[in-house]
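A short reminder: the numbers here are calculations on the coordinates, not readings from a lab. Quick caveat, the model's predicted, so the values are computed rather than measured.
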Amino acid sequence: MTVSLSIQTKSSGINKARADFTQAYPRTVLPTSAEFKPMTQIVSHTHPWSQLSYSCIGVMPIETDVGIFVIPPEQAL
């Protein structure tokens with residue numbers, strides 16, 4: 001299943017709130033969380049901020065411009 005994060009978070013208003021917040025505080029940490037079903041794929045996207053990905057349960061492969069990383073449970077990238 002391919003998921004667009006803009007569609008996924010659009011209804012909660014999180015994108016607008018985050019955009020407003022990052023303009024006011026560009027170096028502040030912006031915590032969010034999401035739970036995905038197994039085998040969920042997220043389409044390639046970018047942010048004007050950095051992102052930390054953490055897997056509580058299960059393995060999470062992440063593909064970036066630099067390479068493909070596999071995050072085991074309780075690890076982060």
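Descriptive notes on the structure:
- Gain on full extension, evaluated as 0.36 nm per residue between Thr32 and Ala76 minus their Cα-Cα distance, stands at 14.4 nm.
- Distances between placed amide hydrogens fall under 5 Å for Gln75 paired with Ser55, all partners being 5 or more residues away or on another chain.
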